[in-house]
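Comments concern the structure below.
The values are calculated or read from the model by the stated rules, or taken from the named source; none is laboratory data. The model shown is predicted, which means the values in this text are computed figures rather than measured ones. With ideal geometry, Cβ positions are generated from the backbone for all residues, glycine too; neighbour counts draw on all protein chains shown. Just the protein is used for accessible areas: all its heavy atoms, side chains included, with ligands, DNA and RNA removed. Shrake-Rupley method; radii C 1.70, N 1.55, O 1.52, S 1.80 Å.
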Amino acid sequence: DTAPFFDLSGYISQEVERLETAKTKVEKTITLNGVVETKQLDDINFSNDLRLFREADINKPAWIEKYTTEEQTLSGSHSITTYMAQDSNLIVRRLMVEKDVGVTIRIEIDRKTGTVLSDGQHQLVYQPGKGYWVKTQQTNRFGDDVDAVIQVGWIQ
């Protein structure tokens, strides 16, 4: 059995193992409502840090008909596959996987979350050679809105 869509969960698990084995050091910048903090870290829990990416996996049997797949070839071996949600109740609205020579070089995810009290949008970008980026914008009916960006870059 092969997954109908890109196996994001499996891919992120492999990346966590790769990053932990290489003892990858990172520079992490968090911007929360305009306040910026940057730290260099040499002991990061990649499994926890990349959890949002793993949780955006769309390979659920009930979702096979709920996403459309569009494939685009940029050059002979460079392609982009985009999965778009057809059901407005799905959290993952878009998953884009860019590959060159069969190797994943970029993943983009658009997520929409919300409750009765808040409305949120998340944009996630993962580049195995560079790091990752997560942007969260949340509008709260009561309380302050949240505008956050987390940027994590690998230190070579």
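Mind computing the radius of gyration and Dmax over the alpha-carbon atoms of the chain? Å is fine for both.
16.6, 51
Taking the highest mean first, how do the peptides 63-70, 11-18 order by number of other beta carbon atoms within 10 angstrom per residue?
In decreasing order of mean packing, 63-70, 11-18 become 11-18, 63-70.
Given a 1.4 Å probe, how much area per residue of the chain is accessible, in Å²?
Numbers: 9510 Å² over 156 residues.
Per-residue accessible area for the chain comes out at 61 Å².
With an 8 Å Cα cut-off and a minimum separation of 6 or more residues, compute the relative contact order for the chain in percent. Mind dumping the intermediate values first?
Values: 302 pairs, mean separation 32.1, N = 156.
Relative contact order of the chain: 21 percent.
So, in region 1-132, how many Lys pairs have Cα atoms under 19 Å apart, if the pair is 8 or more places apart or on different chains?
Taking region 1-132 as the scope, the lysine pair count is 10.
Hey, any idea what % of the chain's accessible area is carbon plus sulfur with a 1.4 Å probe?
Whole-percent figure for carbon plus sulfur exposure: 48.
Using the Karplus curve 6.51 cos²θ - 1.76 cosθ + 1.60 with θ = phi - 60°, what ³J(HN,Hα) values do you get for each residue of region 24-33, in whole Hz, with x for Gly and Pro?
4, 9, 9, 10, 10, 10, 10, 10, 10, 6
Any idea what the dipole of the chain comes to, in debye rounded to 20, about its Cα centre with Lys/Arg Cβ at +1 and Asp/Glu Cβ at -1?
Here the chain has a charge dipole of around 120 debye.
Enumerate the amide H contacts of R106 below 5 Å, restricted to partners 5 or more residues apart or on another chain; note that Pro and chain-start residues carry no placed amide H.
Amide H neighbours of R106, under 5 Å, 5+ apart: E98.
Report D for region 19-104 in µm² per second (integer): Stokes-Einstein, Kirkwood Rh on Cα pairs, 20 °C, 1.002 mPa s.
Numbers: Rh = 16.1 Å.
This corresponds to a translational diffusion coefficient of 133 µm²/s.
Using only Cα atoms, locate the centre of region 1-51 and the centre of region 74-140, then give the distance between them in Å, rounded to an integer.
Value for the Cα centre distance between the two parts: 15 Å.
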